[in-house]
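J.: I am attaching a structure below and will ask some questions about it afterwards.
The values are calculated or read from the model by the stated rules, or taken from the named source; none is laboratory data. Because the structure is predicted, anything quoted here is derived from the model rather than measured. Backbone-built Cβ (ideal geometry, glycine too); neighbour counts: all protein chains shown. Heavy atoms of the whole protein, side chains included, go into the accessibility calculation; ligands, DNA and RNA do not. Shrake-Rupley method; radii C 1.70, N 1.55, O 1.52, S 1.80 Å.
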2 protein chains.
Amino acid sequence: MTTTTATDQRGHEGRSPALSVHEDPRIDVAALTDQLLGPYAQLRREARAVAGSPEFHKIEGLPLAEHRERVLHQLRELVAKHDVLRAFPTRLGGADDHGGSLSRFEELVAGDPSLQIKAGVQWGLFASAILHLGTEHHHDAFLPDAMSVEVPGAFAMTETGHGSDVASIGTTAEYDRETQEFVIHTPFRAAWKEYLGNAALHGTAAVVFAQLVTAPEGGQRVNHGVHAFYVPIRNPATGEFLPGVGGEDDGLKGGLNGIDNGRLHFDHVRVPRTNLLNRYGDVAPDGTYSSPIKSPGRRFFTMLGTLVQGRVSLDGAAVNASKLALAIAVRYANERRQFAGAGEDEVVLLDYQRHQRRLLPLLAQTYASTFAHEELLAAFDEVFSGRGDTPEGREDLETLAAALKPTSTWNAMTTIQECREACGGAGFIAENRLVGLHQDLDVYVTFEGDNTVLYQLVGKRLLGDYAKALKAGGAGDVARFVADRAVHRTPLVRAVQTIADVGDARRSAGQLRDVETQRELLTDRVEVMVAELAAALRPAGKLPPAEAAALVNAHQHELIEAAQAHAERVQWEAFTRGVQAATDPGTKQVLTWLRDLFGLTLVERHLAWYLVNGRLSAGRARTVSSYIDRLLVRLRPHAQDLVDAFGFGPEHLRAPIASGAEAERQQEARAYYRAERAAGRLPVPEKHLR
Amino acid sequence: MTTTTATDQRGHEGRSPALSVHEDPRIDVAALTDQLLGPYAQLRREARAVAGSPEFHKIEGLPLAEHRERVLHQLRELVAKHDVLRAFPTRLGGADDHGGSLSRFEELVAGDPSLQIKAGVQWGLFASAILHLGTEHHHDAFLPDAMSVEVPGAFAMTETGHGSDVASIGTTAEYDRETQEFVIHTPFRAAWKEYLGNAALHGTAAVVFAQLVTAPEGGQRVNHGVHAFYVPIRNPATGEFLPGVGGEDDGLKGGLNGIDNGRLHFDHVRVPRTNLLNRYGDVAPDGTYSSPIKSPGRRFFTMLGTLVQGRVSLDGAAVNASKLALAIAVRYANERRQFAGAGEDEVVLLDYQRHQRRLLPLLAQTYASTFAHEELLAAFDEVFSGRGDTPEGREDLETLAAALKPTSTWNAMTTIQECREACGGAGFIAENRLVGLHQDLDVYVTFEGDNTVLYQLVGKRLLGDYAKALKAGGAGDVARFVADRAVHRTPLVRAVQTIADVGDARRSAGQLRDVETQRELLTDRVEVMVAELAAALRPAGKLPPAEAAALVNAHQHELIEAAQAHAERVQWEAFTRGVQAATDPGTKQVLTWLRDLFGLTLVERHLAWYLVNGRLSAGRARTVSSYIDRLLVRLRPHAQDLVDAFGFGPEHLRAPIASGAEAERQQEARAYYRAERAAGRLPVPEKHLR
């Protein structure tokens, strides 16, 4: 069924005058742009106007030192001239608008990812820690200068010896009753604070995470776990480190070189008692520790939970980076021609089946990520606005962020790289943006929670929910475990019927494009994986620690796979809601095909699972790939509209290959040959002589 | 079966004192290094000594202009002091040693990939075109200065409008009988020569590919297709372009910034008739064209075929880059600890199942690529030495290079990226090499033949061989098509029995590790894919051109998949021969496991195919993954030996994280806590109070 369509696709802009399918829908691009920009459309547009102005553009190849200065300057321009403090309290000049604030920052990636991340360090981490971990004194004393970037600040959590495992950091903050000070100390090299933005050069203060040690008079010294302290680190006038503080420059990185990452170490540096950011734990002048949260474990996770916004914004920024890459590669694929075809002109790249296979599923995935991100942002705003700030709400938000941030950041890496390769040599030239985006986005997959670690958090949550549901339904009663929860969509174990093999490709494809079939396949997989995992790990509770750890480790890969399957399903559900929300019929039709492509690409990727577990017959499994091929043909004429709907202008893409230059060159070449032919000047090809 | 082993792995260096399997083999690292270095071991070691000396190291972050100068200087140092001209004629100071010469260049990637590629441009393309496409006059006139880098040269084949489709280039070289000159001309912007190393700055001459147009007196003007011309482009004294020549700098690229890539254009630039590199086509003074190869098509491919060495050396260099990345990441994974385990110390990264899953299959793949590359290099030397220079030998060589270059360059990208992520934040710091290797290797997948285009060449060859074999066996008689050919291992269609499901995981695993089972599975898949493809495309011959093209396009994805399956099988066969060649029993045992891991990882990746096509039952399919898990546990203690056997020293790795610094830091931290505990100074953890 694909054979007649490929030759019909003569439209240079990806419009096909004749489709082989009956439907001939058109996308309402402007309406789709509005939908994709979501509830914060206005804020996003304003932020894009900022990111699109030349002073906020990344200059590829700028020397390290200049790039760092440029981004610091941009940061201060942002605060001076633009609306970037929405997340902060209204009384201090902010707007208490957490979701809206993040939506704006996510758009900065189109200017320079270094700016997005430096803004994230300054406002999302440093100032945000003061806001969320501190109390009124800290807000009054430290927040204004942090907000205005009068004090550029580092967020000193990670250590050389401990990345994702924050609970084990070595830095100590011991309370000295005599002077009512905390003594900040990094006792060995592995306890140095590492990879901190603003640490190498610009930062004059830091929020330092350290093990809080105190003893009330006559009492024993107790380690109350990790707490955050506000610590001045440099003399703002001279840029010199303050006494006892030292550091190193991380130097050149794989990307994000507009940020001055570095290391910090502290040799018995003293700060006033009141520099402890004391919302979740405080020390009285006499050294007595108190906390509104009794359990040290829960207290620790509550403190870290305030940092979830970093993951939320990385999810959004990664999706935006994917959009930029696809907008460049699809435009080029719609103009670039290579190798003679059956017609007079050479073949447009995007008319090649393989090129469609390379780019269109990534486009579908990026749409899925967009819709899923908007839901994550809404959940974030619910909690941080206080409207939905319950323990369950926070836990669900953290799980959703831990599921989506790895998915979208890894997808961004895959997408950008495929786009770069799909543009051939032109994709490797820095001016075409793709290599720079890849370099800058790279670290998104391992910072703010390493993706592998985050998926394990998700996997553990899935196991926990499963255990709870089992308990609720009666021990071991898997079949009765059928309730679904809306927010984080816990997978459930149901008796799912194998989709019967009807032995007819057309009917088979019909079933595959049925939304309930797709939902069933994606949901079922997560549920069965979690249930099998739970069964495999059940003996762990009765084993000695070493054996229990070994048993869990022997299933680590499966745990991560289950988390990924869950994240993919969450994205698919969000995409499906996005399709439902589209009002224009043509748009809805194309989005339905795109959602089907996303769903079936997931099924194809995990096809072996469906076969091994009897969910798809061999015959039906074959249909998955052939139906994907049909969807590619249907979607191909809409590819340009689908990337245009992202709403980026040339000031955001800034890639010469996505500027129309390629089509112009072809016109010029065509005109030359036409003129030569008309003038009888074209030499005869040797092969025509024989 | 994995549960008891994980806890046994306490060895810091990856040595496990007790294995859960009966075998307790040890690798003879020195002997394995010798085997991996292959027949050119001595030359490789010498080249590594060069690449390991500081003057040939890449300096990360060097400004563009300085990096370019440094690499040009390195190139001249190479020729002045080292043995880099082996591929050239003995009478001109070379050694007529083609395989040995390439083996040396492949090792330069450990110094700086820019140097490897700039050397490739100068000697592998520019000088090599003079050698292989020119005749004695050109060798005498141009080769000495090209060899000595007195004349840095560009290889001007690719055009802005035509990358992989060289036959369609727009540059013309029209013969002028009056002056006995060729007029080189780029008639429009799309005909500009593009991405040429040495073009932006250093090159003073170029080998320019152009459509040769000539007319004998009174005869018609004929285009004899693409030929190569020696064209001076710059005044060596001033660096200025010669009259009629112009160009642009490609500027910053995603990597390889030690090379001055650029564009060239020609406005009726005249060169003497004798500057045509005339081995395969010549023009007499009177304008008469002659060629030893009648068919213009075959002539074109013969000329391009001389360039196969670029692909061969990229294959080798990509494998070396993968080795470097793995040596860094495995060393770090064997020292780095993260999160508390059951024991006293935190867990070493490589003891995590997922970390093994991430790195060990890539290690297996890199071993497979190493053995396969050595066979490719041998085939190359056979042909280029003249010993095996037959049309069949050349065709097989080109097919093998077209199969392996995409495989190993894509594998390098995957491997380097996984290694970078497996090293977390440290992997993103430039000094740890991984991001730089990724940036530099990136373009290997799209230059010297875009990988997607090369796989299509392989696919077409497989189809052609299949058609020939069918014909030889009687039309349509698939069952009789059973002969195998040794050199390029054409896949054959056989009646393969489904591997029966014996319903016992142990016996099932036993079958999976059987070498014949693996061979059968990998071979069968290629053969069936090719046969199905041939059947699907059969109607194309009888269709009008547009419909035929559409039919072929509708199967492009499958064609590429078949080529990849073929390449993977070729690598597996080479690995298997490598295992057989190992003499030390312990080494042989570990290599067997590693080869099994490679083979079964391929089967797992394509598991759906085996299930859909009835080659594996569902029960057997489950065993594939569980047997892989067992292999990971067996191989884990040998991971360090396996990367040590690559034979790189610290002067090649140059990554602080692979220097032992991490283990030292842990020792220091451990000593600190031990001393504090001994002195009774460790505070009590709060949770111990409750």
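J.: Give me the one-decimal Kirkwood hydrodynamic radius in Å for the range B:56-305, with the sum taken over alpha-carbon pairs. Don't jump to the answer; show the numbers that get you there.
T.: Working: mean 1/r = 0.0542 Å⁻¹.
Value: 18.4 Å, from the Cα pair sum.
J.: Still on this structure, I have one more. Quick one: what does P(r) look like for the range A:251-290 with 5 Å bins over all Cα pairs, in whole %?
T.: P(r) over the range A:251-290, rounded to whole percents: 5, 16, 15, 12, 12, 10, 12, 9, 6, 1.
J.: Can you give me the P(r) profile for the range A:250-340? Cα pairs, bins 5 angstrom wide beginning at 0, each as a whole percent.
T.: Cα pair-distance distribution for the range A:250-340, in percent: 2, 8, 9, 10, 13, 13, 11, 9, 7, 5, 4, 3, 3, 2, 1, 0, 0.
J.: Report the equivalent ellipsoid semi-axes for the range A:36-148 in whole Å, largest first, defined as the square roots of five times the eigenvalues of the gyration tensor built from alpha carbon atoms. It would help to have the intermediate numbers written out before the result.
T.: Details: eigenvalues 114, 66, 22 Å².
Each semi-axis is √(5λ); the values are 24, 18, 10 Å.
J.: Share of antiparallel DSSP beta bridges in chain A, in percent to the nearest 5? Walk me through the numbers on the way to the answer.
T.: Values: 32 of 39 bridges.
The antiparallel proportion sits near 80 percent.
J.: Here's another thing I want to ask about it. Using the Cα atoms of the range B:378-471, I'd like the radius of gyration and the largest Cα-Cα distance, Dmax, both in angstrom.
T.: For the range B:378-471, the Cα radius of gyration and maximum Cα-Cα distance read 17.9, 58 Å.
J.: What percentages make up the Cα-Cα pair-distance distribution of the range A:157-297 when the bins are 10 Å wide from 0?
T.: Taking all Cα pairs of the range A:157-297, the binned fractions are 12, 41, 32, 12, 2, 0 percent.
J.: Return the inverse of the average 1/r over all pairs of distinct C-alpha atoms in the range B:321-480, which is the Kirkwood hydrodynamic radius, in Å to one decimal. It would help to have the intermediate numbers written out before the result.
T.: On the way: mean 1/r = 0.0542 Å⁻¹.
Roughly 18.5 Å, rounded to one decimal.
J.: Over the range B:83-183, one equal point on each Cα, no solvent: what is log10 I(q)/I(0) by the Debye formula at q = 0.13, 0.18 Å⁻¹?
T.: Rounded to two decimals, the profile gives -0.58, -0.97.
J.: How large is the Kirkwood hydrodynamic radius of the range B:581-642, counting all unique pairs of alpha carbons, in Å?
T.: Values: mean 1/r = 0.0790 Å⁻¹.
Value: 12.7 Å, from the Cα pair sum.
J.: Order A:THR158, A:THR407, most accessible first, counting only protein heavy atoms with a 1.4 angstrom probe. Present the calculation step by step, with values, prior to reporting the outcome.
T.: Values: A:THR158 40, A:THR407 10 Å².
Heavy-atom accessible area, descending, gives A:THR158, A:THR407.
J.: When the helix-only estimate is applied to chain A (DSSP H runs of n ≥ 4, each -39,500 (n - 2.57), divided by the residue count), what is the mean residue ellipticity at 222 nm, nearest 500 deg cm²/dmol?
T.: On the way: 26 runs with 361 residues, N = 690.
Helix contribution divided over all residues of chain A: -17000 deg cm²/dmol.
J.: I'd like the distance separating the alpha-carbon centroids of the range B:285-314 and the range A:609-665, in whole Å.
T.: Between the Cα centre of the range B:285-314 and that of the range A:609-665, the gap is 38 Å.
J.: Based on the Cα atoms of the range B:615-690, what semi-axes does the equivalent ellipsoid have, where each is the square root of 5 times one gyration tensor eigenvalue, given in whole Å with the largest first? Each step should come with its number before you reach the end.
T.: Numbers: eigenvalues 330, 148, 16 Å².
Working from the Cα gyration tensor, I get semi-axes of 41, 27, 9 Å.
J.: Taking H placed 1.01 Å from N in the peptide plane, check which residues at least 5 places from B:ARG270 or on another chain put their amide H under 5 Å from its amide H.
T.: Distant-sequence amide H within range of B:ARG270: B:ILE184.
J.: What's the average, rounded to a whole number, of partner chain beta-carbon atoms within 10 Å of each residue's beta-carbon in A:340-347?
T.: Numbers: counts 4, 5, 10, 3, 0, 0, 4, 3.
Mean shielding count: 4.
J.: Can you pull the mean other chain C-beta count within 10 Å for peptide A:157-165? Before the final figure, lay out each step's value.
T.: Values: counts 0, 2, 1, 6, 9, 5, 5, 4, 5.
Rounded to a whole number, the mean comes out at 4.
J.: Would you grab the residues whose amide H sits under 5 Å from the one on B:ASP176? Only those 5+ places off in sequence or on another chain, please, with H modelled 1.01 Å from N.
T.: B:GLU181, B:PHE182, B:VAL183
J.: Right, another one. Taking just the C-alpha trace of the protein assembly as shown, give me its Rg and Dmax in Å.
T.: Calculated on Cα positions, Rg and Dmax stand at 31.9, 114 Å.
J.: Here's a follow-up. For the protein assembly as shown, give the magnitude of the charge dipole about the Cα centre (Cβ charges: +1 Lys/Arg, -1 Asp/Glu; no others), in debye to the nearest 20. Don't skip to the end; give the middle numbers.
T.: Values: 150 positive and 176 negative charges, 556 e Å.
That gives a dipole near 2680 debye.
J.: A follow-up question, please. Near B:ALA402, within a Cβ-to-Cβ distance under 9 Å, what is the net charge of the other residues, with Lys and Arg +1 and Asp and Glu -1?
T.: Details: positive: B:ARG311, B:LYS405, B:ARG461; negative: B:GLU398.
Result for the neighbourhood of B:ALA402: +2.
J.: So, one more: Label-to-label distances across copies for A:GLY393, with labels 7 Å out along Cα→Cβ, in nm, shortest first?
T.: A:GLY393 label point versus its equivalents elsewhere: 7.7 nm.
J.: May I ask for the Rg/Rh ratio of the range B:413-468, computed from Cα atoms with Rh as the Kirkwood radius, given to two decimals?
T.: On the way: Rg = 17.0 Å, Rh = 13.3 Å.
Rg/Rh for the range B:413-468 comes to 1.28.
J.: How big is the shadow of the Cα convex hull of the range A:255-407, averaged over all directions, in nm²? Could the numbers behind the result be given before it?
T.: Numbers: hull surface 58.3 nm².
That works out to 14.6 nm², a quarter of the Cα hull's surface.
J.: Going through the range A:334-387, which GluC sites (Glu not before Pro) have at most 16 other Cβ atoms within 10 Å and a DSSP loop state? Please list the in-between numbers first.
T.: Working: sites: A:GLU335, A:GLU344, A:GLU346, A:GLU374, A:GLU375, A:GLU382; in loops: A:GLU344.
Those that pass, being in a loop and sparsely packed, are A:GLU344.
J.: With +1 on each Lys and Arg Cβ and -1 on each Asp and Glu Cβ, and nothing else charged, work out how big the dipole of the range B:188-292 is about its Cα centre, in Debye to the nearest 20.
T.: Values: 9 positive and 10 negative charges, 26 e Å.
Charge dipole of the range B:188-292: 120 debye, to the nearest 20.
J.: More than 38 Å apart: what percent of Cα pairs in chain B qualify? Kindly include the intermediate steps, with their values, before the conclusion.
T.: Working: 98807 of 237705 pairs.
That fraction is 42 percent.
J.: Related question: Amide H of B:GLU159 versus every other amide H placed in the peptide plane: which residues, excluding those fewer than 5 positions away on the same chain, fall under 5 Å?
T.: Those qualifying (amide H under 5 Å, at least 5 residues apart or on another chain) are B:GLU194.
J.: Additional query: Assume the label is 7 Å from Cα along Cα to beta carbon: what separations in nm does A:ALA95 have to the matching positions in the other copies?
T.: Its label point is 7.1 nm from the equivalent points in the other copies.
J.: Let me ask you something else. Please work out how much length the chain gains when fully extended from A:ARG298 to A:SER148, using 0.36 nm per residue of separation minus the C-alpha to C-alpha distance, in nm with one decimal. Spell out each step's value before the answer.
T.: Working: separation 150, 0.36 × 150 = 54.00 nm, distance 3.29 nm.
Length gained between A:ARG298 and A:SER148: 50.7 nm.
J.: While we're on this one: In what sequence, largest accessible area first, do B:TRP123, A:TRP192 appear using a 1.4 Å probe? Walk me through the numbers on the way to the answer.
T.: Values: B:TRP123 10, A:TRP192 45 Å².
Per-residue accessible area, sorted high to low, gives A:TRP192, B:TRP123.
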